[in-house]
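**Student:** This structure is in structure tokens; I'll ask about it shortly.
The values are calculated or read from the model by the stated rules, or taken from the named source; none is laboratory data. Keep in mind that what you see is a predicted model, and the values were worked out from it rather than measured. Positions of Cβ are backbone-derived with ideal geometry, glycine not excepted, and every protein chain shown enters the neighbour counts. Ligands, DNA and RNA are excluded from the accessible area calculation, which covers all protein heavy atoms including side chains. Shrake-Rupley method; radii C 1.70, N 1.55, O 1.52, S 1.80 Å.
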Amino acid sequence: MSNTPVTEADLSPKLAHLAGLVSRYSSPEFLVAPGGRVQTIAAGHYTVSGLSRHVRLGEFVAHKSPTGIHLGEVVRVEPELTYVCPIEPGEPIGIHDTVIRKGAFRISPSDGWCGRTINSLCEPIDGLGPIGQGLGRRSISNTAPPSMTRKRVEKGFKTGVRAIDIFSPLCLGQRLGIFAGSGVGKSTLLSMLARADAFDKVVIALVGERGREVREFIEDTLGANMKKAIAVVATSDESPMLRKMAPLTAVTIAEHFRDQGDNVLLIVDSVTRFAHAIREVATASGEPPIARGYPASVFTELPRLLERAGPGPEGTGTITAIISILVDGDNHNDPIADSTRGILDGHIVLQRSLAEEGRYPPIDPLASISRLARKAWTPDQEKLVSRLKTLIHRFEETRDLRLIGGYRPGADPDLDMAVKQVPIIYDVLKQSPGDVDSQDAFADLAGALKAAAGIGGQPNIRR
Ligand SMILES: Nc1ncnc2c1ncn2[C@@H]1O[C@H](COP(=O)(O)OP(=O)(O)O)[C@@H](O)[C@H]1O
Ligand SMILES: [Mg+2]
């Protein structure tokens, strides 16, 4: 046996190591959750060693920093390193900081959330105090119900917006896109649609919006629906992770209410900003771009999000999704517009030229379609709309001809009718958020045409 005394110098590294272990594993969650250490730090992400065997793509981790616990999402897993995108921007990250696995991000929506505005992490941001938590816990990255178990979409509803109720009427459980360039009127139209009476709940995801617009949207336009609405907001200055999560959180809240049997309206403004956020996260984690800078994951995430809307399984309610798509530079064939058009059950096209004429909402009735319109129209209405479209088409294709004086009344009875009736139809379709919602768009149109016929002695529209 050696008699050499143990000195303080011998002990201190061991004690320091022990103290480190005690502090690292002192909180209960660290006793059970696998943990790792920060290895490298870059602008949009950091890497962690020791976690790769324990985490899956898309799961969340918690990073312990001097300012508290911060969440991050796993965006790439390699044998030795896990890549993490922090949820909040500007969080202080140090080399060798501890990071533990949290698993899927789960939320517990409850009826008490109605009338409230929250962020992507379900924290209230409206200054009205804390929000209660519901009983169930749902992962925000759930998948859609299997298609064969879902109810069929067949019940029409009135939106109160005449141009939509006449030309592209909608059904409960439908997924509709509103396509337009910036400043053409997407958000305004969405806010008008958010007032529809047909819904028990309205969940609104505002992604990448200007902070100023958010309050306007919620306070000025929702009206009586405010009490049954929940807004999930991630403004343009927030991190790409929060912007990417906002629609996922919103659809998860919508699923909660759908499962209670409610008919839910889900509004996402805009899906393009959601795609931009995914692109930013993917770029930070080194995923290669494939179309216009967008990585492949954008084109899997978009259908995953939109498939979650729609009718629920038997015995549940429906999620009707109305989303806006910003078409870059008014190019309606950009990759996000193209890929969403294929997933949706209809699209409304807004034209800048109509907005410039002051014809709001600037809906192009000939370019917009609702794939479920047949279920919402009566057979008579369907025939009438087909006739209206022919008249509008005739009116538009002869616009230049008429401008240069090449139109003579009496030569073409169809054109004569178009020239008389289309301006009246256009007038009926004009609507601004301040107007009273239309209860019966077809009756409004018939009334206007009848009144005009009465004054001018013209026959009513031929069916
Ligand atoms: N239905 C409408 N009635 C009157 N003005 C409208 C209408 N829709 C849009 N506008 C005008 O167009 C502007 C831009 O609309 P907005 O909805 O913010 O466009 P986007 O969301 O497409 O960028 C609004 O500030 C408003 O002045
Ligand atoms: Mg907008």
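**Student:** May I ask you to say which residue of 183, 160, 115 is within 16 Å of ligand 2 (Cβ to nearest atom) and not in a strand (DSSP E or B)?
**Tutor:** After applying the criteria, what remains is 183.
**Student:** Hey, another quick one. In the stretch 165-193, how many residues are of a type in the set (S, T, N, Q), within 15 Å of ligand 1 (Cβ to nearest atom) and open to solvent by less than 10 Å² (accessible area, probe 1.4 Å)?
**Tutor:** 1
**Student:** Looking at the stretch 301-330 only, could you name the residues that are in a loop (DSSP other than H, G, I, E, B) and within 16 Å of ligand 2 (Cβ to nearest atom)?
**Tutor:** Of all residues in the stretch 301-330, those in a loop (DSSP other than H, G, I, E, B) come to 308-309, 312, 314-317, 327.
Hit for the stretch 301-330 is 327, nothing else.
**Student:** Further question on the same structure: Looking at 334, 338, can you tell me which residue is open to solvent by 40 Å² or more (accessible area, probe 1.4 Å), modelled with pLDDT under 90 and of a type in the set (Asp, Glu)? Break it down stepwise before answering.
**Tutor:** Working: 334 fails: open to solvent by 40 Å² or more (accessible area, probe 1.4 Å).
Being open to solvent by 40 Å² or more (accessible area, probe 1.4 Å), modelled with pLDDT under 90 and of a type in the set (Asp, Glu) holds for just one of 334, 338, which is 338.
**Student:** When residues of the stretch 119-145 are filtered for being without any contact (Cβ under 8 Å) to a residue 12 or more places away in the chain and in a loop (DSSP other than H, G, I, E, B), how many remain?
**Tutor:** Selection size over the stretch 119-145: 5.
Residue by residue, here is whether (1) within 13 Å of ligand 1 (Cβ to nearest atom); (2) surrounded by fewer than 23 Cβ atoms within 10 Å (Cβ to Cβ); (3) under 17 Å from the mean Cα position of the chain (by Cα) holds:
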site	(1), (2), (3)
319	no, no, yes
323	yes, no, yes
350	yes, no, no
359	yes, yes, no
364	no, yes, no
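**Student:** Another question, then. Going through the stretch 97-114 one residue at a time, which ones are open to solvent by 20 Å² or more (accessible area, probe 1.4 Å) and under 16 Å from residue 262 (Cα atoms)?
**Tutor:** Within the stretch 97-114, 110, 111, 112, 114 meet the criteria.
**Student:** Return a yes/no flag: does the stretch 287-299 have any residue that is more than 16 Å from ligand 2 (Cβ to nearest atom), open to solvent by 10 Å² or more (accessible area, probe 1.4 Å), at pLDDT below 95 and of a type in the set (Val, Ile, Thr).
**Tutor:** We begin by selecting, within the stretch 287-299, every residue more than 16 Å from ligand 2 (Cβ to nearest atom); these are 287-299.
This time we only want the ones that are open to solvent by 10 Å² or more (accessible area, probe 1.4 Å), so: 287-293, 296-297, 299.
Cutting the leftovers down to at pLDDT below 95 gives us 287-293, 296-297, 299.
Subset that is of a type in the set (Val, Ile, Thr): 290.
So far as the stretch 287-299 goes, yes, one or more of its residues are more than 16 Å from ligand 2 (Cβ to nearest atom), open to solvent by 10 Å² or more (accessible area, probe 1.4 Å), at pLDDT below 95 and of a type in the set (Val, Ile, Thr).
**Student:** Also, I was wondering about something else. Exactly one of (1) away from ligand 1 (no atom under 13 Å from the Cβ); (2) open to solvent by less than 50 Å² (accessible area, probe 1.4 Å) is unmet by residue 160. Its number?
**Tutor:** (1)
**Student:** Identify, please: which residue in the stretch 197-242 is among the polar types (S, T, N, Q) and open to solvent by less than 50 Å² (accessible area, probe 1.4 Å) and is, among those, farthest from ligand 2 (Cβ to nearest atom)? Before the answer, list the steps.
**Tutor:** Keep residues of the stretch 197-242 that are among the polar types (S, T, N, Q), which gives 221, 225, 235-236, 239.
Within this subset, residues satisfying the condition of being open to solvent by less than 50 Å² (accessible area, probe 1.4 Å) are 221, 225, 235, 239.
Details: 221: 12, 225: 19, 235: 12, 239: 20 Å.
Among those that are among the polar types (S, T, N, Q) and open to solvent by less than 50 Å² (accessible area, probe 1.4 Å), it is 239.
**Student:** Just for the stretch 259-276: of the residues that are open to solvent by less than 10 Å² (accessible area, probe 1.4 Å) and away from ligand 2 (no atom under 16 Å from the Cβ), which one is nearest to residue 43 (Cα to Cα)?
**Tutor:** Taking the candidates together, the pick is 266.
**Student:** Additional query: Which one of these is modelled with pLDDT under 85, closer than 25 Å to residue 185 by Cβ and not polar (S, T, N, Q): 434, 406, 410? Break it down into steps so the answer makes sense when it comes.
**Tutor:** Details: 406 fails: closer than 25 Å to residue 185 by Cβ; 410 fails: closer than 25 Å to residue 185 by Cβ.
One residue alone meets the criteria, 434.
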